[in-house]
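The values are calculated or read from the model by the stated rules, or taken from the named source; none is laboratory data. Just so it is clear, the model here is predicted, and its values are computed rather than measured. When we count neighbours, we look across all protein chains shown, and the Cβ atoms used for this are built from the backbone with ideal geometry, even at glycine.
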Amino acid sequence: MDFTSKLPHVGTSIFTVMSALAREHNAINLSQGFPDFNCDKKLIELTAGFTSGGFNQYAPMQGALPLREQIAGLIQNCYQAIYHPDSEITITAGATQGIYTSIAAFIRPGDEVIIFEPAYDSYRPAIEVNGGIVKAIALDYPGFTINWATVKKTITHKTRMILINTPHNPSGTTLAENDLKELEKLVAGKNIIVVSDEVYEHMVFDGNAHQSVARYKQLASQSIIVSSFGKTIHATGWKIGYVTAPKAIMEEFRKVHQFLVFSVNHPFQLALADYLKDSSVYLQLHHFYQTKRDYFRQLISCSRFTMEPCTGTYFHLLNYKNISDESDTEFALRLTKEKGLAAIPLSVFSSNKPQNHLLRFCFAKKEETLERAAEILCTL
């Protein structure tokens, strides 16, 4: 057939590639971001109760009301912000669908979208397949910080969206209060929608608070916030996320959402609604993952890797400049094939493929998994 690809430069994602390679070589998989432990038994029991109770037909397009009500309470509890369950919260098939739908609902051919690299790999294709033009700004290294003067220069009359991510995957860094205030000033009075990917919102470490867009009233009034339960409840395979936005923006979001997925797994939503009545599920999550971060750092302290700062998410960047001059992709492939440990090379998250000798490791694993991985890292 004679057709032109809408995404000619897109292949299989690095996560699929590295996980497949890990399976092929029986390697420890610290590449893809999923836990190797199960979710809470109570959550499984709640789900079984709703499936056996007959809640197996379509959920409402917007999502099950009990879950939307729990999300409204979560947001108010964490960020002192009010979102109406009926008109400003929608349940999605994971955060990736929430991001894609946000872009599809507002971006027309020729519209410019600012992203920050390294960037999660779904952002650019979602923009390009909808005819948008990506304006990528490199985060300043070391630290992976945003230069707001550069952002100001990049904004044009064609800018329709700015996509931010905090806590940040893949760097494991977080935006500060000043960052959100700078963004708020830059977009105020402009016809620009901010999409804030906050999937790791409950994983901010060292006593710091997550700086959600929801905390900033003016910024929130022209923003879409995307989050997900997969990371919070240790069940990435459930693919249940949520999107919050002011009513007028949400109305446009739902126009696309209803024809993309219509609705999301019903009994799982109801189980989540019951499970989230215990606020410690999300309020104490940062302690759980900070303990894992600290244990991983302790285990590899004798290695030749240099540890980059990790203030959020469940990913840690390690610098191998004292070990090899190989490119990060070459080093990651060799580490998997020859040493039996899979990680993600950082350069794949940027269009200009910078070589800073960085690999991303997921520490959302059992202690014994981290111990086996550390044994390998300490021999390099």
Output the number of residues of segment 299-329 satisfying the condition of being within 15 Å of residue 377 (Cβ to Cβ) and among the polar types (S, T, N, Q). 6
Among (1) hydroxyl-bearing (Ser, Thr, Tyr); (2) farther than 30 Å from residue 233 by Cα; (3) crowded, with 21+ Cβ neighbours inside 10 Å - the single one residue 379 does not satisfy: (3)
Find all pairs meeting these conditions: Cβ atoms under 8 angstrom apart; at least six residues apart or on different chains; first residue within segment 138-152 and without any contact (Cβ under 8 Å) to a residue 24 or more places away in the chain; second residue assigned to a loop (DSSP other than H, G, I, E, B). 140/146; 140/147
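For every residue, the table says whether it meets (1) in a strand (DSSP E or B); (2) not assigned by TED's automatic domain parsing to the domain that holds residue 222; (3) not charged (D, E, K, R).
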position	(1), (2), (3)
98	no, no, yes
101	no, no, yes
104	no, no, yes
108	no, no, no
113	yes, no, yes
121	no, no, no
124	no, no, no
131	no, no, yes
134	yes, no, yes
Can you tell me which residues in segment 208-234 are of a type in the set (Gly, Ala, Ser) and either crowded, with 19+ Cβ neighbours inside 10 Å or in contact (Cβ under 8 Å) with a residue 12 or more places away in the chain (or both)? 212, 214, 220, 221, 223, 227, 228, 230
Can we say residue 103 is crowded, with 22+ Cβ neighbours inside 10 Å and under 26 Å from residue 312 (Cα atoms)? yes
For the structure I just gave you, tell me whether residue 59 is touching a Phe, Trp or Tyr at 6+ places or on another chain (Cβ under 7 Å), among the small types (Gly, Ala, Ser) and farther than 28 Å from residue 208 by Cβ. no
So residue 261 ticks every box in (1) over 17 Å from residue 35 (Cβ atoms); (2) loosely packed, with under 15 Cβ neighbours inside 10 Å; (3) of a type in the set (Val, Ile, Thr) but one. Which box is left unticked? (2)
Applying the selection to segment 342-380, what residues are part of a loop (DSSP other than H, G, I, E, B) and closer than 16 Å to residue 26 by Cα? 343
Could you tell me whether residue 31 is over 30 Å from residue 270 (Cβ atoms), surrounded by 11 or more Cβ atoms within 10 Å (Cβ to Cβ), at pLDDT 90 or above and of a type in the set (Ser, Thr, Tyr)? yes
If you go through segment 189-211 one residue at a time, do you hit one that is in a helix (DSSP H, G or I), farther than 22 Å from residue 76 by Cβ and of a type outside the set (Asp, Glu)? no
